[in-house]
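Q: Next up is a structure, given as structure tokens.
The values are calculated or read from the model by the stated rules, or taken from the named source; none is laboratory data. Just so it is clear, the structure is predicted and the values come from calculations on it, not from any experiment. Counting neighbours? That spans all protein chains shown, and the Cβs are built from the backbone with ideal geometry, glycine included.
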Amino acid sequence: MTTFTGAAPAPGLRKLTFPALGTTCDVQYAPPDGAARSTDFEQAAVTWVQAFEAKYSRFRPDSLVSRINQAAGRAWVEVDAEMEQLLKLCDTLQFMTHGVLDPTALPLIQLWNWKVENPRLPSPSEIAGALRLVGWSKVQRAPGKIFLPEPGMALDFGGFGKEYAVDVVAQIARDHGIGNVLVDFGHDLRALGAPPGRPAWHIGLEDPDKPGTTRASVGLSGSRGIASSGDYIRCFKINGRRYGHIVDPRTGWPVANGCTQATVIAGTCLQAGLLSTTAFVLGVPEGLQLIQSFPGAEGMVLGNGTRAQTRGFYQYVATN
């Protein structure tokens, strides 16, 4: 999913770009009166994102998440109020997605590593072993502390962390008097208001059959989040069969239901991201039914030459 605004900001917009969370973070906004307010907002946004990544990224060996994972099977780890809030969020997302998104699925994700030079198929025993380490209900919590009871268990907030950060940065913009902003972290987006002189932010939807090109666009205004999920880029092939990066923690295998892309528009980027990934895993028609059941969400699911969308999705399709 790409924004139509391109590398340079549209007239009347200011653009902030910085690397974080394993991707490129772009923020385009109509600056408030006074250059100092823009500077204050940008510093606040970058500082918050950097602190969030340092604390919760599993790729940082000194992060809180890494310390929890390193202590798996050995010791409880103290957590602060902010971490407890995120753990409660994990309760919600695991329930909301019917177990499709599980914060303890890292052993499976690492087993199906599409990034290595020579990917291989895990053996049935390896998959079974990884599955035994997965299960949010196994995590033990008490006020101010957490314990992963089995060695090898691990937390990973990659399933929702980026989308959560997008929403927080949008709120930081609001707190600094900025009402027209598009926050785009690796194509997970949150739109507030609209760009100057235009009715909506135009977002291009990537064509899964031709990655890097757009097949359609949507217009977002007010306060909406949008996210797309697909495995047509991050994948590997063995004997002609493609294995994508999205693993179903219920089976231990990458999703292979014929779905190529799921796109969801919802009230927040976090909601859109959770629903799009879950819909992708469920496929058509179950994925579409999930989107329809969530108040205020609209979406589209593509797969096997088919296109299914909620009744209200058409209202966002941009006509340019």
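Q: Return the residues of region 173-184 that are surrounded by 24 or more Cβ atoms within 10 Å (Cβ to Cβ) and either within 20 Å of TYR316 (Cα to Cα) or of a type in the set (Phe, Trp, Tyr) (or both); say none if nothing qualifies.
A: Restricting attention to region 173-184, the residues satisfying the condition of being surrounded by 24 or more Cβ atoms within 10 Å (Cβ to Cβ) are 173, 181-184.
Once the filter is applied, which keeps residues that are surrounded by 24 or more Cβ atoms within 10 Å (Cβ to Cβ) and either within 20 Å of TYR316 (Cα to Cα) or of a type in the set (Phe, Trp, Tyr) (or both), region 173-184 yields VAL181, LEU182, VAL183, ASP184.
Q: Out of the residues in region 54-109 meeting the condition of being under 28 Å from GLU126 (Cα atoms) and among the basic types (Lys, Arg), tell me which one is farthest from the chain's Cα centre (by Cα).
A: That would be ARG74.
Q: Could you run through region 249-276 and say how many residues are surrounded by fewer than 23 Cβ atoms within 10 Å (Cβ to Cβ) and more than 24 Å from ALA165 (Cα to Cα)?
A: The number of residues fulfilling the criteria is 10.
Q: Could you please find all residues in region 154-172 being under 16 Å from LEU13 (Cα atoms) and surrounded by fewer than 21 Cβ atoms within 10 Å (Cβ to Cβ)? Break it down stepwise before answering.
A: Filtering region 154-172 for residues under 16 Å from LEU13 (Cα atoms) gives 170.
Within region 154-172, none qualify.
Q: Can you tell which of THR268, THR310, THR260, THR277 is of a type in the set (Ser, Thr, Tyr) and free of Cβ contacts under 8 Å to residues at least 24 places away in the same chain? Don't jump to the end; show me each part of the working.
A: Details: THR268 fails: free of Cβ contacts under 8 Å to residues at least 24 places away in the same chain; THR260 fails: free of Cβ contacts under 8 Å to residues at least 24 places away in the same chain; THR277 fails: free of Cβ contacts under 8 Å to residues at least 24 places away in the same chain.
One residue alone meets the criteria, THR310.
Q: Then there's this: Which ones in region 196-223 are assigned to a loop (DSSP other than H, G, I, E, B), touching a residue at least 12 places away in the same chain (Cβ under 8 Å) and farther than 19 Å from GLN315 by Cβ?
A: Those that are assigned to a loop (DSSP other than H, G, I, E, B), touching a residue at least 12 places away in the same chain (Cβ under 8 Å) and farther than 19 Å from GLN315 by Cβ: PRO196, GLY197, PRO208, ASP209, PRO211.
Q: Turning to a different aspect of this structure: May I ask you to list the residues in region 94-134 that are of a type in the set (D, E, K, R) and surrounded by 20 or more Cβ atoms within 10 Å (Cβ to Cβ)? Lay out the reasoning, then the answer.
A: Residues of region 94-134 that are of a type in the set (D, E, K, R), as a first pass: 102, 115, 117, 120, 126, 132.
Correct list: ASP102 only.
Q: Being in contact with a strand residue (DSSP E or B) (Cβ under 7 Å, 6 or more places away or on another chain) and not in a loop (DSSP other than H, G, I, E, B) is the filter here, so list the residues in region 142-157 that pass it.
A: Passing the criteria: LYS145, ILE146, PHE147.
Q: Another question about this same structure. Do we find a residue being out of contact with any Leu (no Cβ under 8 Å at 6 or more places or on another chain), more than 28 Å from THR278 (Cα to Cα), loosely packed, with under 14 Cβ neighbours inside 10 Å and not acidic (Asp, Glu) anywhere in region 85-92?
A: Filtering region 85-92 down to residues out of contact with any Leu (no Cβ under 8 Å at 6 or more places or on another chain) leaves 85-92.
Applying the additional criterion that residues be more than 28 Å from THR278 (Cα to Cα) yields none.
No - not one qualifying residue is present in region 85-92.
Q: Within region 15-30, does at least one residue satisfy the condition of being in contact with a strand residue (DSSP E or B) (Cβ under 8 Å, 6 or more places away or on another chain), in a loop (DSSP other than H, G, I, E, B), on the phi > 0 side of the Ramachandran plot and modelled with pLDDT of 95 or more?
A: Step one: of region 15-30, the residues in contact with a strand residue (DSSP E or B) (Cβ under 8 Å, 6 or more places away or on another chain) are 15-21, 23-30.
Still in the running and in a loop (DSSP other than H, G, I, E, B): 21, 30.
Within this subset, residues satisfying the condition of being on the phi > 0 side of the Ramachandran plot are 21.
Subsequent filtering for residues that are modelled with pLDDT of 95 or more retains 21.
Within region 15-30 (the criterion being in contact with a strand residue (DSSP E or B) (Cβ under 8 Å, 6 or more places away or on another chain), in a loop (DSSP other than H, G, I, E, B), on the phi > 0 side of the Ramachandran plot and modelled with pLDDT of 95 or more), the answer is yes, since at least one residue qualifies.
Q: Further, regarding this structure: Hey, VAL46 hits all of (1) within 21 Å of HIS176 (Cα to Cα); (2) at pLDDT 95 or above; (3) loosely packed, with under 15 Cβ neighbours inside 10 Å but one; which does it fall short on?
A: Result: VAL46 fails condition (3) only.
Q: If we scan region 192-201, do we find a residue that is modelled with pLDDT of 95 or more, touching a strand residue (DSSP E or B) at 6+ places or on another chain (Cβ under 9 Å), surrounded by 16 or more Cβ atoms within 10 Å (Cβ to Cβ) and under 28 Å from GLN94 (Cβ atoms)?
A: no
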